[in-house]
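*Asks:* Have a look at this one before I ask anything.
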Amino acid sequence: MKQALATLTLGIASRGDLHPLLLEYLPEEQIAHFGLLDGLSVADIAQRYGPIAGEKVVMAHIEDGSYVVLSAARVENALQELIKKLEYQGFETILMLCSGEYKNLVTESAVLIEPYRILPPLVNAITSGHQVGIMVAREEYLDEQVYKWRELASKPHFAVANPWKSNEDDLIDAALWLQEQGADVVVLDCLGYHQRHRDFLQKLMGIPVLLSNVLIARLAADLLV
């Protein structure tokens, strides 16, 4: 059976909430998940993607729960090579699930879905007339997130909550702070957030909570119908 969809991340190949959603549209054998750093040790990662002083960087989580800082230029080159390989293998749609903006990624015929480019206008259309709060996983992501969401109709508020902690204290504090700032829609914008986080926060606050990776997965699934 022809392969149809590949998801692509920097760190651990993503399954989480996305895989069950995609299975509503495609047989499992037509879906595959790839992580650029899968199978690499910390030393391997540093050798291949370690940044030099002053260059633009991106961050990715690895299997032990920690994160690594990577050269954005090296990552982009490696992503382009992997995209070429996936297209050669027959994938018709490639769903990027990587943080950061990559301006030079191209395909020959496959559809390349890039959340960084698609999510802000999509959320802007969904939340028109509402005050948006954006929740991110780490403080280090804030500058990039402010730039990413700069074109929302109303300037969003931002809060940080670590989704990898065993307790939900960070989530509660961040959510309530966003609500105090006037947010009446919250977007969870990190692969670390899952449906359970969305459900918990929506019940806590009583307002809509959007999970960015699920929004993108639904869009990808619609393209495959």
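The values are calculated or read from the model by the stated rules, or taken from the named source; none is laboratory data. Nothing here was measured: the structure is a model prediction, and the numbers come from that model. Quick reminder, even Gly has a Cβ in these numbers, built from the backbone with ideal geometry, and neighbours come from all protein chains shown.
*Asks:* Which ones in the range 87-104 are of a type outside the set (A, V, I, L, M) and in a strand (DSSP E or B)?
*Replies:* T93
*Asks:* Do we find a residue being among the basic types (K, R) and over 26 Å from G35 (Cβ atoms) anywhere in the range 197-207?
*Replies:* yes
*Asks:* Exactly one condition in (1) touching a residue at least 60 places away in the same chain (Cβ under 8 Å); (2) of a type in the set (V, I, T); (3) not in a helix (DSSP H, G or I) is false for V69; which is it?
*Replies:* Failing condition for V69: (1).
*Asks:* Take K56 and decide whether it is charged (D, E, K, R) and at pLDDT 90 or above.
*Replies:* Details: charged (D, E, K, R): yes; at pLDDT 90 or above: no.
When the stated conditions are applied, K56 does not pass them.
*Asks:* A follow-up question, please. Which of the residues spanning the range 137-160 are buried (at least 21 other Cβ atoms within 10 Å of the Cβ), aliphatic (A, V, I, L, M) and either over 17 Å from Y67 (Cα atoms) or more than 15 Å from the chain's Cα centre (by Cα) (or both)?
*Replies:* Within the range 137-160, just A159 meets the criteria.
*Asks:* Residues to consider are L122, L191; find the one that is within 30 Å of K84 (Cβ to Cβ), out of contact with any strand residue (DSSP E or B) (no Cβ under 9 Å at 6 or more places or on another chain) and not assigned by TED's automatic domain parsing to the domain that holds Y88.
*Replies:* L122
*Asks:* Please note which helices (runs of 4 or more DSSP H) are completely contained in the range 108-185 and include at least 2 residues that are at pLDDT below 90.
*Replies:* So the answer is 115-126, 142-148.
*Asks:* Which of the numbered conditions does L70 fail, given that it passes all the others? Conditions: (1) at pLDDT 90 or above; (2) under 29 Å from V185 (Cβ atoms); (3) of a type outside the set (F, W, Y); (4) crowded, with 18+ Cβ neighbours inside 10 Å.
*Replies:* (2)
*Asks:* Sticking with this one: Of the conditions (1) within 30 Å of I83 (Cα to Cα); (2) in contact (Cβ under 8 Å) with a residue 24 or more places away in the chain, E114 clears all except one; give me its number.
*Replies:* Of (1) within 30 Å of I83 (Cα to Cα); (2) in contact (Cβ under 8 Å) with a residue 24 or more places away in the chain, only one is false for E114: (2).
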